[in-house]
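Trainee: My questions will all concern the structure given below.
The values are calculated or read from the model by the stated rules, or taken from the named source; none is laboratory data. Keep in mind that what you see is a predicted model, and the values were worked out from it rather than measured. Note that we place each Cβ from the backbone using ideal geometry, even for glycine, and neighbour counts take in every protein chain shown.
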Amino acid sequence: MNKQIMRQVKELQAKMAKAQEELGQAQVEASAGGGAVTVVVDGHQNVLSVKISPDAVDPEDISLLEDLVLTAVNEAIKKAQELAQDRLGALTGGLKIPGLM
């Protein structure tokens, strides 16, 4: 490889590392049941918090609460994936590189 290509690869690696770091600091939020359950996820799709309204807790209907938590977590992860795609996709020119998106 010539020196120019190597320089470009190193620049891309530095930009990707910075974008990954920024994703780790970014947070997205999703809720279900009109805000009864709220989930916060970082840009690496790690669940940071789950908040459940006391009104959502019905000992007679635990399955509803489970569904609300599941829905909120899945929506938050989807938002985090979209955020990663937006941020990293701009650097990779839309290429899907395994392990990065």
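Trainee: Going by the conditions given, is ASP58 modelled with pLDDT under 95 and loosely packed, with under 14 Cβ neighbours inside 10 Å? Outline the logic, then answer.
Mentor: Working: modelled with pLDDT under 95: yes; loosely packed, with under 14 Cβ neighbours inside 10 Å: yes.
Considered against the rule, which asks whether it is modelled with pLDDT under 95 and loosely packed, with under 14 Cβ neighbours inside 10 Å, ASP58 comes out as yes.
Trainee: Oh, and also: Out of the residues in region 43-55 that are outside any strand (DSSP E or B) and in contact (Cβ under 8 Å) with a residue 24 or more places away in the chain, which is surrounded by the most Cβ atoms within 10 Å (Cβ to Cβ)? Spell out how you get there, then give the answer.
Mentor: The initial filter retains those residues of region 43-55 that are outside any strand (DSSP E or B), namely 43-46, 53-55.
Next, only the ones that are in contact (Cβ under 8 Å) with a residue 24 or more places away in the chain stay: 43-45.
Working: GLY43: 22, HIS44: 12, GLN45: 16.
Filtering first and then ranking leaves GLY43.
Trainee: Also: Of all residues being loosely packed, with under 14 Cβ neighbours inside 10 Å and among the acidic types (Asp, Glu) in region 61-79, which is nearest to ALA26 (Cα to Cα)? Just the residue, please.
Mentor: Across region 61-79, the extreme among qualifying residues is GLU66.
Trainee: Only residues that are touching a helix residue (DSSP H, G or I) at 6+ places or on another chain (Cβ under 6 Å), within 25 Å of ASN74 (Cβ to Cβ) and assigned to a helix (DSSP H, G or I): list them for region 1-42, please.
Mentor: Once the filter is applied, which keeps residues that are touching a helix residue (DSSP H, G or I) at 6+ places or on another chain (Cβ under 6 Å), within 25 Å of ASN74 (Cβ to Cβ) and assigned to a helix (DSSP H, G or I), region 1-42 yields ALA19, LEU23.
Trainee: Continuing with the same structure: For region 43-73, which residues satisfy the criterion of being touching a strand residue (DSSP E or B) at 6+ places or on another chain (Cβ under 9 Å), hydroxyl-bearing (Ser, Thr, Tyr) and over 25 Å from GLN85 (Cβ atoms)?
Mentor: The first filter runs over region 43-73 and keeps only residues touching a strand residue (DSSP E or B) at 6+ places or on another chain (Cβ under 9 Å), leaving 43, 47-53, 56, 65, 67-73.
Cutting the leftovers down to hydroxyl-bearing (Ser, Thr, Tyr) gives us 49, 53, 71.
Within region 43-73, SER53 is the sole residue that qualifies.
Trainee: As an exercise: evaluate ASP67 against (1) modelled with pLDDT of 85 or more; (2) within 16 Å of the chain's Cα centre (by Cα); (3) not small (Gly, Ala, Ser) and give the number of the one condition it does not meet.
Mentor: Here ASP67 meets the rest and fails (2).
Trainee: Where residues in region 1-42 are more than 18 Å from ASP86 (Cβ to Cβ) and touching a residue at least 40 places away in the same chain (Cβ under 8 Å), which of them is surrounded by the most Cβ atoms within 10 Å (Cβ to Cβ)?
Mentor: ALA32
Trainee: Now for a different question. Which count do you get for residues in region 80-89 that are within 18 Å of VAL40 (Cα to Cα) and crowded, with 18+ Cβ neighbours inside 10 Å?
Mentor: Selection size over region 80-89: 3.
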